[in-house]
Each structure stands twice: as C-alpha cells, then as structure tokens.
Amino acid sequence: MGIFSKDIGIDLGTANTLIYVSGEGIVLQEPSVVAIDQRDKTFYAAGVEANKMIGRTPGDIVAVRPLKDGVIADFDAAEMMLRAFIIRAKRRSLFNPRIAIGIPSGVTGVEWRAVMDAARRAGAREVYPIDEPVAAAIGAGLPVTEATGNMIIDIGGGTTEVAVLSLQGIVLSQSVRVAGDELTEAIISYMKKVHNLAVGERSAEQIKIEIGSAYPTAEEMSMEVRGRHLLSGLPHTVIVKSTEIRESMAEPLSVIVEAVKRTLENTPPELASDIIDRGIMLAGGGALLTGIDTLISHETGIVTHIAPAPLNCVVIGAGKVLEDYKKLGRVLTSRLNRL
Ligand code: ADP
Ligand code: MG
C-alpha cells in the first residue's frame, strides 16, 4: 500500500453492499438496489435512493435487486450498481485502489470475471475475489490462520452459507438459498393465508425485525400491521402476535438448521471437536433475528455466538485482508486459482 493509494474491501451482498477503505473503515453501506432508466438502459440511482423507488417508479424507471437469491440475476444492473458505489467510495482516495470483493459461493467463475471487470472499469488497479465465509470469519475475529476448526454461518438476504474453516481455507461448506428474504416471504404468505391481508415486502421485513423470533422469548410481543384486506380490497389493520410470526417462519428456519446439521455431520472429527470447544459463529443480517443463536445452539448442542456487528463482518474481513496482506493474502490467491 503506497502513501496515496488506498485499499478497498467490498461486500457485494444480495441485500446490502458495503465498502471498507483501509485506514478509514466502512465508508458505504447501502441496499443492493439499482434504478435503471428503461428508455436507454442507463443508470438512474443506486442504494438507498433506488431502494425507495422499489414498487413506486413510473413506467420508465425500474428499480431492481441485481443479486437476488445469491446469484447475479442481472449482469448489466450489477455492473452499474457496483460502479456507482466504487466511484462514490473512491472519491476519498487519490490513486486507483486495490479491491478485494467478497463473493457468494453460488456465483460462477464467468459471473465473477464479469464483476471483476466491472470493478476494473470503475478504476480498480487490482481486483481480488475473496470467499465470503472466509471474509466473514476474519471480520468476526475468528483465528482463521490457526490450525483450528472454526464454523461460521452467514445468514444474508438470499443465501445462508455454512462453512468450516481451518488454516485460512474452507474445509467444507454448504450454501442454501434460504435466508432473510425467505423469512420475510413466509410472513407475507402467512398474513395472506391467516389474516386475509396483503402486506408488502418492506412491511413484512419490518414485522420480522420488530417482533420476529426464532425461539420462544421470555416476553411475547404483538404489533399492528397495516395492509390491504384481500376480501374487501380496502386498507385494513390487524394485530399480530410474535408467536404467530415465529410459527410462520418455522419452515425456512428449519432449512437453515438442517444445513448446519448436515455440515456438522460431514466435518472431520478433529475439526468437529474444535468447533464444540470454540462454538459456532453467526454473521450476516439474519444473525440479528431474535433467538436465532438459541435455536441453533438448541438444535446442535453447540454454543452459538453472534458476531459483534454481523452485517459488517464480510466487508471488514475483505478490508483486513488487504491491510494485512502478509498474514492473510493467501486467502485471496487461493480463491483466484479456483476461478
Ligand atoms: P446480504 O449479505 O445477502 O446482502 P445481509 O447480511 O446484509 O445480506 O442481511 C440482510 C438480511 O438480514 C435481510 O433479509 C434483512 O431482513 C435481515 N435483517 C437485518 N436486520 C435484521 C434484524 N434486526 N432481524 C432480523 N433480520 C434482519
Ligand atoms: Mg452477505
């Protein structure tokens, strides 16, 4: 790292994109949404601004999430979004940065080359892909350089990644396309089926964040939910209880738990014993769901911890790798060789 140049870590998530600048910390944290003008397919807005436009745009402007479900669903949109974010972050540094980008494991080599090219075109000097679970583990403070087994579970918007790491590498991992978005969708279906109420994605997410839980809590809560009544077609308000919301999410939650159990079953004994000693680490926005740690620890019998800032783990990890290239650089080259 030169005096004028700065390194950048990026977490290109299905729900949120974050950027970390070396020596400064997190400088950008925005929803992974881009609004495009359909008349000439040009960039209109990205991030928070574009997110507000979802479901509210006039015909010509369309706001999309280019990474839905953990894969790049829309290349051009992904490139426009990434470019806008990198340019925003780059204003702060003088020279073209080196960039490490956290990549979901479901993304193919071809897709990743496209993302790397997009980053180069946005002015990156060098671009390195980094496996998200490795970045998440580093960001969560796990001792990834040691010869000990560590388990990290990253519950994002589109995917849940479960990985066992040792000596800076992934020993085994599982990725399921069930994460925060599916929990939100389960609430939408439930409200429709049981309360005859149509609620939007943002309101359903709000319900999840405010009163959602994965495990019974000491004090159950309730909240008022507004939506459109499916029979009368008119705006309507109902009171929902946290117990019903928990039940509505039971199925997607069990898919996540099963992925964790399967990974544990396939973990070599020495590493499994390390995990029992050290516990499981949770990262990603889904780690913030009330009681998710208790659910996992109850289902696996292994103590489960929530990372200090679960939404920031991947980007901090990606940034740290460049800051501490001597110690951690191997995680970048090993990923490059597999592309
Ligand atoms: P990604 O890496 O896919 O971009 P994130 O790690 O940013 O995903 O997590 C986004 C997911 O976390 C969303 O589904 C969001 O609803 C969920 N989330 C964020 N905060 C909370 C919370 N307090 N409780 C439950 N879920 C949350
Ligand atoms: Mg993520």
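Only the coordinates and a few stated rules stand behind these numbers; no lab work does. Note that the coordinates shown come from a computational prediction; the quantities given were computed from them, not determined experimentally. Because the Cβ atoms are built from the backbone with ideal geometry, glycine has one as well, and the counts that use them run over all protein chains shown.
Structure notes:
- Looking across region 83-127, just one residue is touching a Ser or Thr at 6+ places or on another chain (Cβ under 8 Å), over 19 Å from Asn312 (Cα atoms) and of a type in the set (Phe, Trp, Tyr), and that is Phe95.
- Looking only at region 184-225, and only at residues there that are under 20 Å from Arg65 (Cα atoms) and of a type in the set (Ser, Thr, Tyr), the one that is nearest to ligand 1 (Cβ to nearest atom): Thr184
- Scanning region 292-311 for residues that are part of a helix (DSSP H, G or I) and farther than 20 Å from Ile170 by Cα gives Ile292, Asp293, Thr294, Leu295, Ile296, Ser297, His298, Glu299, Thr300, Leu311.
- Residue list for region 21-42, restricted to those being within 15 Å of Pro66 (Cβ to Cβ) and either buried (at least 19 other Cβ atoms within 10 Å of the Cβ) or in contact with a Leu (Cβ under 6 Å, 6 or more places away or on another chain) (or both): Glu30, Pro31, Ser32, Val33, Val34, Ala35, Ile36
- Of all residue pairs spaced 6 or more apart or on separate chains, those with beta-carbon atoms under 9 Å, a first member in region 134-149 that is acidic (Asp, Glu) and a second member that is exposed (fewer than 15 other Cβ atoms within 10 Å of the Cβ) are Glu146/Leu167.
- Residue that is surrounded by the most Cβ atoms within 10 Å (Cβ to Cβ), among those in region 123-133 that are under 29 Å from Ile155 (Cα atoms) and touching a residue at least 40 places away in the same chain (Cβ under 8 Å): Glu132
- The residues of region 243-287 that are under 22 Å from Ile207 (Cα atoms), out of contact with any helix residue (DSSP H, G or I) (no Cβ under 7 Å at 6 or more places or on another chain) and within 16 Å of ligand 2 (Cβ to nearest atom) amount to a single one, Ile256.
- For region 142-193, the set of residues classified as under 19 Å from the mean Cα position of the chain (by Cα) and small (Gly, Ala, Ser) consists of Gly156, Gly157, Gly158, Ala163, Ser173, Ser175, Ala179, Gly180, Ala186, listed by residue number.
- Residue satisfying all of: in region 58-109; in a strand (DSSP E or B), more than 15 Å from ligand 2 (Cβ to nearest atom) and of a type in the set (A, V, I, L, M, F, W, C); farthest from the chain's Cα centre (by Cα) among these: Ile61
- Region 262-291 - residue that is in a helix (DSSP H, G or I) and polar (S, T, N, Q) and, of those, surrounded by the most Cβ atoms within 10 Å (Cβ to Cβ): Thr263
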